[in-house]
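Peer 1: Have a look at this one before I ask anything.
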Amino acid sequence: KSFGDCAYRIQDSCSLKDVNPHTPLIGYRQVSKGTLRLVNVAKASDAVSTKFEFKSGDILFGKLDAEARKVVKPDFNGVCSTEFWVVRAKEGIDQGFLFYWMASKNFIRRAYRGEQGTAHKRAKWEFMEKDELDIPSLQTQKKTASLFEILDNKIQINLRTRLLLYQISEL
């Protein structure tokens, strides 16, 4: 199936004057390069321009310099920079599976190759809609996503342990 057959791009824009100032905001700097993790979360009151609304579980894909691999799946509702695609899986596609597809090196490379623009190149949705993948059954998608999530959580635990051990060694 093509990526376009599997995913919706959500473009629910909002004016910040209509948003609670304490609403979580994810800007481009809040997403760590290449790690699939948030560095931190800002507040809507910290922003000045129009943003996209997202729901818990939506995928945010950084379209500015796709090679930076700024892809996250927040577990809360909020607003984000328009430098992100807000993506939801279509029926028959697991959201977690879609997330790991979008975070894969092949998807990132293709998005980077399809970037357009003059000063700042951006991945183009219309180009990526054609990206294809053999899609397994929904049950297999869920198992695959679950396995990757377990591995991601293990990596996060190991990173926190390493940081704690480093902090202890500095005492």
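Peer 1: In the stretch 102-113, what residues are open to solvent by 70 Å² or more (accessible area, probe 1.4 Å) and either over 20 Å from residue 33 (Cα atoms) or under 18 Å from the mean Cα position of the chain (by Cα) (or both)?
Peer 2: Kept after step one, since they are open to solvent by 70 Å² or more (accessible area, probe 1.4 Å), are these residues of the stretch 102-113: 105-106, 109, 112-113.
Passing the criteria: 105, 106, 109, 112.
Peer 1: Condition first: open to solvent by less than 10 Å² (accessible area, probe 1.4 Å), of a type outside the set (Val, Ile, Thr) and not in a loop (DSSP other than H, G, I, E, B). Now tell me which residues in the stretch 37-67 satisfy that.
Peer 2: 44, 54, 60, 61, 62, 66
Peer 1: Would you tally the residues in the stretch 88-104 being of a type in the set (Gly, Ala, Ser) and free of Cβ contacts under 8 Å to residues at least 12 places away in the same chain?
Peer 2: Number satisfying all stated conditions: 1.
Peer 1: Would you be able to tell me the number of residues in the stretch 68-87 that are open to solvent by 20 Å² or more (accessible area, probe 1.4 Å), over 23 Å from residue 112 (Cβ atoms) and touching a residue at least 24 places away in the same chain (Cβ under 8 Å)?
Peer 2: 2
Peer 1: Could you figure out which of (1) more than 20 Å from residue 133 (Cβ to Cβ); (2) touching a residue at least 40 places away in the same chain (Cβ under 8 Å); (3) of a type in the set (Val, Ile, Thr) isn't true of residue 41?
Peer 2: (2) is the only condition that residue 41 fails.
Peer 1: Look through the stretch 129-143, keep the residues that are outside any loop (DSSP other than H, G, I, E, B) and modelled with pLDDT of 95 or more, and return whichever of them is surrounded by the fewest Cβ atoms within 10 Å (Cβ to Cβ).
Peer 2: Of everything passing the filter in the stretch 129-143, 139 is surrounded by the fewest Cβ atoms within 10 Å (Cβ to Cβ).
Peer 1: Counting just the residues of the stretch 114-128 that are closer than 25 Å to residue 37 by Cβ and open to solvent by 60 Å² or more (accessible area, probe 1.4 Å), which one comes out modelled with the lowest pLDDT?
Peer 2: It comes out as 120.
Peer 1: Given the criteria open to solvent by less than 60 Å² (accessible area, probe 1.4 Å) and modelled with pLDDT of 95 or more, does residue 156 qualify?
Peer 2: no
Peer 1: Of the residues that sit in the stretch 1-31 and are touching a strand residue (DSSP E or B) at 6+ places or on another chain (Cβ under 8 Å) and closer than 10 Å to residue 44 by Cβ, which one is most open to solvent (accessible area, probe 1.4 Å)? Give the derivation first.
Peer 2: Initially, the stretch 1-31 is screened for residues touching a strand residue (DSSP E or B) at 6+ places or on another chain (Cβ under 8 Å), giving 1-3, 6-14, 16, 19, 21-28, 30-31.
Within this subset, residues satisfying the condition of being closer than 10 Å to residue 44 by Cβ are 14, 16, 19, 21-25.
Details: 14: 15, 16: 31, 19: 24, 21: 67, 22: 131, 23: 30, 24: 39, 25: 13 Å².
Out of the qualifying residues, it is 22.
The values are calculated or read from the model by the stated rules, or taken from the named source; none is laboratory data. Note that this is a predicted model, so its numbers are computed, not measured. Every residue, glycine as well, gets a Cβ built from its backbone with ideal geometry; the counts of neighbours run over all protein chains shown. The accessibility values were calculated without ligands, DNA or RNA, using every heavy atom of the protein model including side chains. Shrake-Rupley method; radii C 1.70, N 1.55, O 1.52, S 1.80 Å.
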